[in-house]
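The values are calculated or read from the model by the stated rules, or taken from the named source; none is laboratory data. The shown structure was predicted, so the numbers you read here are calculated from the model rather than taken from an experiment. Cβ: placed from backbone, ideal geometry, glycine included. Neighbour counts: every protein chain shown. For the accessible areas, the whole protein counts, side chains as well, though only heavy atoms, and no ligand, DNA or RNA atoms are used. Shrake-Rupley method; radii C 1.70, N 1.55, O 1.52, S 1.80 Å.
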Amino acid sequence: MERYKNILFPTDLSEGSKTIAGHVKLMAEKFGAEITVIYIANVGHYYSALEVPAAGIANFEAEVVSTAEKQMKTFAGEVFKGLVVKTRVFAGNPADEIVEYAEKNGNDLIIMGHSRAGIERVLLGSVAHRVVKLSQIPVMVVRVKQ
């Protein structure tokens, strides 16, 4: 049986993430694994069709990252109370950054949610789908009710 030692939990910090966190916690406790929670700010693609100055996008992205870092501490403290959890927040393409982070940091399991449906999925794509497609390590996808 596979023994997981380092679980990566990419989150969007939504209410649904709390449900996914329960699965992460269960797996970490079962295997004695460490947990790393990451949030990737992805704002650039929203403005790629507009003539917004790069400096304006960079400043906005920095604000998003700063805010997410504060929210991440609160989120991790609430859902992983009593556990030592690493948190990271940075900017980039979520699927690519998740896979790259896992590879560079020795994660051996990714646990993430999937909640997009309908037109939103067609227009924005599915981060979970891309991670499953690109990842060289196991990915556990938890369906989140909307």
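Could you tell me how many of the residues in the range 1-34 are in a helix (DSSP H, G or I), among the hydroxyl-bearing types (Ser, Thr, Tyr) and under 13 Å from the mean Cα position of the chain (by Cα)?
Applying the first criterion (in a helix (DSSP H, G or I)) to the range 1-34 yields 15-31.
Okay, now just the ones that are also among the hydroxyl-bearing types (Ser, Thr, Tyr), so 17, 19.
The next check asks that each one be under 13 Å from the mean Cα position of the chain (by Cα); those that pass are 17.
Of the residues in the range 1-34, 1 are in a helix (DSSP H, G or I), among the hydroxyl-bearing types (Ser, Thr, Tyr) and under 13 Å from the mean Cα position of the chain (by Cα).
For the range 120-146, name all the residues that are open to solvent by 100 Å² or more (accessible area, probe 1.4 Å), in contact with a Gly (Cβ under 8 Å, 6 or more places away or on another chain) and at pLDDT 80 or above.
143
Cβ-Cβ below 8 Å, separation at least six or inter-chain, first residue in the range 1-16 and closer than 26 Å to residue 145 by Cα, second among the acidic types (Asp, Glu): which pairs?
Qualifying pairs under 8 Å: 7/34; 7/108.
Being farther than 19 Å from residue 5 by Cα and either loosely packed, with under 15 Cβ neighbours inside 10 Å or modelled with pLDDT of 95 or more (or both): is that true of residue 95 here?
The answer is no for residue 95.
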